[in-house]
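One structure below.
The values are calculated or read from the model by the stated rules, or taken from the named source; none is laboratory data. Everything quoted here is computed from the prediction, not taken from an experiment. Every residue, glycine as well, gets a Cβ built from its backbone with ideal geometry; the counts of neighbours run over all protein chains shown.
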Amino acid sequence: MTPTVKIAFIGSHSVRKTNAVHSFAGAVGRSGRSVEVGREVVRFNPLGLNEGATAEAQLWVIMAQVQQELELRNRADVLVTDRAIVDNFAYFLRATGGQDPFDVTPLVKRWCDTYDLFVRLLPDVPLQGDGVRSTNERFRNEIEQILNTIVPIYVPGERLVTLRASAINEAFDWKALLVRLMGSDQVEDAPAQPVTLFPTLWDYADEL
């Protein structure tokens, strides 16, 4: 198998990242490439989440993100992740008041080099409760402000695509993004491949 291409959909919460991840993964499958999806690991966090999360809780998320990507990196032609290390780092910095008590900055910088493309979704849609993530507008705005600061530092401009969250719907055409990720010679009509969801450690969290 050729090396896996990795694309991450990033942003604050309630910006349709998960919808975009699965929609894009479907487009990859229809292009004839095998595709694996990495889930949003914060939902499995045993230490808490949202605006009350501690530095230790956000450290757990960063480590879990890296672990999941390591587990999935060789299972398909394309790995599509719901978040990346950089937006999880934004939540970490918010929890720590901008400090880095666990010295994770070098890891964040190095791990950002492992992504072939980032897609940042901007929050032009209302917050919607899902029973898990916060509906506090101020909290989301704080995360967005941190992202505005750190994304230019850790994500090279040539590997960043920015989309409005409101653009993500059933009619969105992913071909341009596919071409940018794979190259025009790699995007063609071919037998569709399934979108696979291999179990990782987090799928067994309730049993541990």
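Annotation note: of ALA8, ALA55, ALA64, the sole residue that is buried (at least 22 other Cβ atoms within 10 Å of the Cβ) and at pLDDT 95 or above is ALA8. Put simply, of GLY26, GLY32 the only residue that is in a loop (DSSP other than H, G, I, E, B) and more than 20 Å from PHE89 (Cα to Cα) is GLY32. In the set LEU70, LEU79, LEU122, LEU93, only one residue is farther than 16 Å from ARG43 by Cα, modelled with pLDDT of 95 or more, out of contact with any Phe, Trp or Tyr (no Cβ under 9 Å at 6 or more places or on another chain) and loosely packed, with under 15 Cβ neighbours inside 10 Å; that residue is LEU70. Do we find that VAL42 is part of a helix (DSSP H, G or I), in contact (Cβ under 8 Å) with a residue 12 or more places away in the chain, among the β-branched types (Val, Ile, Thr) and over 15 Å from TYR115 (Cβ atoms) in this structure? In short, yes. Residue count for the stretch 101-119 satisfying the condition of being surrounded by fewer than 16 Cβ atoms within 10 Å (Cβ to Cβ) and not in a loop (DSSP other than H, G, I, E, B): 5.
Residues in the stretch 50-76 that are closer than 17 Å to ARG39 by Cβ and either aliphatic (A, V, I, L, M) or not in a helix (DSSP H, G or I) (or both): VAL61, ILE62, MET63, ALA64, VAL66, LEU70, LEU72, ARG73, ARG75, ALA76.
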